[in-house]
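Peer 1: What follows is a structure written as structure tokens; I'll ask about it next.
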Amino acid sequence: MKRIKQIDIKRALAMAGTFNFLCSCAKACLLPFLTLYFRQLGLTPAMTGIVMGTKHFITLVWSPAASLLSKHYNKRRAVICGSVVFSAAAALLLLLIPHTDMHAWTCNASDPHVGPPQNPSDVLSVNITGPVTSHPKPHVSQSLVTHLPDADRKAPVIANETSPHHHHNHSHTTESPLLYAPQKNESKVLESSSSSLATPVRNKRSELKSEQQTGEKKDESSLGFLGSLKVMDTQHQLFFLILIIMCVWEVASAPLEWNVDDGLYEYLDFADASDRYSSTRVWGVLGAACGVGVTGLLVSRLACLIAAQTSRSVVHFYCYASLAFLVLPLAMSLPLYLNKKRNRTSGLLKALQLVRGSPQAVLCVFTTLLVGVANSAIDNFLLWQMQDRGSSELHMGLSLALALLSQAAFPLMAGRVSRLLGPRRMLAVGAASLGLQCFYYSFLWGAWAALPAQVLSCFSSGALWWAVKLQCEDIATPGAERSVRRVYKSLSIHLGSALGSLAGGFVAQSIGLTWMFRGLAMVLMVWCVCLPLLQWKAPHHRRINYSRLLAADASEASDSESEQERDWLDKAMENDKSNNNSARKVNH
């Protein structure tokens, strides 16, 4: 007789919450500060946008594909453990790139919290484009050089360039003892001798140049892409190197989230406790707040303990790798379950059909896509704006931590806000709050100036995703809520972030960070004005989830539950009672 393994629901929920906390904490130690590290390496805003956009595009495509493959071959645990290890190793590859701006981020004895200079690109411009000599080339009289043979023409010039007196007046260069004017009788002898000696020298030089050029062409054609990198400048070589490392990193880390989420959900669903799995997501937000805040504080405090030849940004990478390896034993013991009857591909396709069939859901998709574009620009370039205003990692970390804590606090007030505004108004309020944040970011004036605007994340992120959750429940059929929610998440966080990274990088490079934030604020505000009108004209079709209504317990019902659904159930029961009473009277 086959022994049935007992499922411990509390243990599974505790492990799921711990795993989400540690993974989010590890990501928050590095990812928010990654674009700042790219700026220190010398990347332009457009290059940074291309790198981050490529990262989001890979996640958009590879996450569902890797989840399907791991499920098909029953290799979820191997994929999870491999993703944890190889993502940490790939992130450390970025530290092998030589740092071009050591002194801007090293310790200052007078003030250990001092940040980099106001415009780090000015410091990097000389290092990126190569060594620039400040010594002017000496001026040599052409009338004197023309009387000398080819072998003698370069000797005076080289000697004069290396001379310690080459920076004086140009009159001294023409009076150098190496450059003398021959007499009339000597000039004829020199011209005849130089013409006879210079001819074979020129022929040899032309042969050597032609052989060198043909050799370089053969090398470039044989090496292909690597050969083309040799003719690029230092900045573009650095850009392609970072792009390759980021692609490898994202390929390694993208499968983690979907595989863990599917395995834990199916495990709890097997025990009829899948509705409790959503309670573990708040631990991910709290872990991210803890990671970004503690890392910012740690980097600012350890600035004077790091060697002068090392950038203090390496602390972010080491914290990420350390927490990733700390997660590895937990990943090896996660309770996972493989439900072969559940087809993830058909679920996503059905979710897309449900979203496309509802005009209100389509408006919600456009709103989340626009919010994803704006959020990606904020994530990529807000720290640049703060750095230009004198903020250090301490200010940045605490500001980002406050935003995450505000987002996590919204469920405490979600019931009252949803009854007051409703899901459709909450969607517009969330987008408008994000527009106000962008407008505020364009007027930063000091190190702590960004802190007050982070409180608005309670609505720009918390209220918006709460409205998306209610929208998913309206259009989803029983069992399709997760797939519909995943469609919104993919379109906003990954597709919107990819488009926003690409567009934001080029816009920031062309018009600057200040006007980029103002442009985002204006676009969001215009959409918030148009959204209620479009929602009013669009028909509202609502699906009632009967199984969820009948299974809901009055004692466990949350304040956020829709009052219209309760009224519908009460009316249905009253009508049933009235019909039964009338039938009894007729029978009597």
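Peer 1: Tell me which residues, restricted to the range 9-49, are free of Cβ contacts under 8 Å to residues at least 40 places away in the same chain and among the charged types (D, E, K, R).
Peer 2: 10 - this is the single residue of the range 9-49 that is free of Cβ contacts under 8 Å to residues at least 40 places away in the same chain and among the charged types (D, E, K, R).
Peer 1: Can you confirm whether the range 414-422 contains a residue that is touching a helix residue (DSSP H, G or I) at 6+ places or on another chain (Cβ under 6 Å), in a helix (DSSP H, G or I) and within 29 Å of residue 294 (Cα to Cα)?
Peer 2: Yes, that holds for at least one residue.
Peer 1: Hey, another quick one. Select, from 409, 449, 453, the only residue that is open to solvent by less than 10 Å² (accessible area, probe 1.4 Å), over 30 Å from residue 353 (Cα atoms) and without any contact (Cβ under 8 Å) to a residue 60 or more places away in the chain.
Peer 2: Working: 409 fails: open to solvent by less than 10 Å² (accessible area, probe 1.4 Å); 449 fails: without any contact (Cβ under 8 Å) to a residue 60 or more places away in the chain.
Of 409, 449, 453, the one residue that is open to solvent by less than 10 Å² (accessible area, probe 1.4 Å), over 30 Å from residue 353 (Cα atoms) and without any contact (Cβ under 8 Å) to a residue 60 or more places away in the chain is 453.
Peer 1: Can you pull out every residue in the range 55-75 that is in contact (Cβ under 8 Å) with a residue 12 or more places away in the chain and open to solvent by less than 40 Å² (accessible area, probe 1.4 Å)?
Peer 2: The answer is 55, 56, 58, 59, 63, 64, 66, 67, 70, 71.
Peer 1: Looking for something in a helix (DSSP H, G or I), modelled with pLDDT of 85 or more, out of contact with any strand residue (DSSP E or B) (no Cβ under 7 Å at 6 or more places or on another chain) and open to solvent by 10 Å² or more (accessible area, probe 1.4 Å) - is there at least one such residue anywhere in the range 301-314?
Peer 2: yes
Peer 1: Applying the selection to the range 248-298, what residues are of a type in the set (Gly, Ala, Ser) and either under 25 Å from residue 406 (Cβ atoms) or outside any helix (DSSP H, G or I) (or both)?
Peer 2: 254, 271, 273, 278, 279, 284, 287, 288, 289, 291, 293, 296
Peer 1: Residue 472 - would you say it is without any contact (Cβ under 8 Å) to a residue 60 or more places away in the chain and under 24 Å from residue 64 (Cβ atoms)?
Peer 2: The answer is yes for residue 472.
Peer 1: Moving on to the next point. Going residue by residue through the range 488-500, is there one that turns out to be surrounded by fewer than 22 Cβ atoms within 10 Å (Cβ to Cβ) and not in a helix (DSSP H, G or I)?
Peer 2: Within the range 488-500, not a single residue is surrounded by fewer than 22 Cβ atoms within 10 Å (Cβ to Cβ) and not in a helix (DSSP H, G or I).
Peer 1: Here's something else I'd like to know. Against the definition (in contact with a Pro (Cβ under 6 Å, 6 or more places away or on another chain) and touching a residue at least 40 places away in the same chain (Cβ under 8 Å)), how does residue 88 come out, yes or no?
Peer 2: no
Peer 1: Go through (1) out of contact with any Pro (no Cβ under 7 Å at 6 or more places or on another chain); (2) closer than 30 Å to residue 412 by Cβ and name the single condition residue 247 misses.
Peer 2: (2)
The values are calculated or read from the model by the stated rules, or taken from the named source; none is laboratory data. Quantities reported herein were computed from a predicted structural model and do not represent experimental measurements. Cβ coordinates were reconstructed from backbone atoms using ideal geometry, including for glycine residues, and neighbour counts include every protein chain displayed. These accessible areas exclude ligands, DNA and RNA; they are computed on the full protein's heavy atoms, side chains included. Shrake-Rupley method; radii C 1.70, N 1.55, O 1.52, S 1.80 Å.
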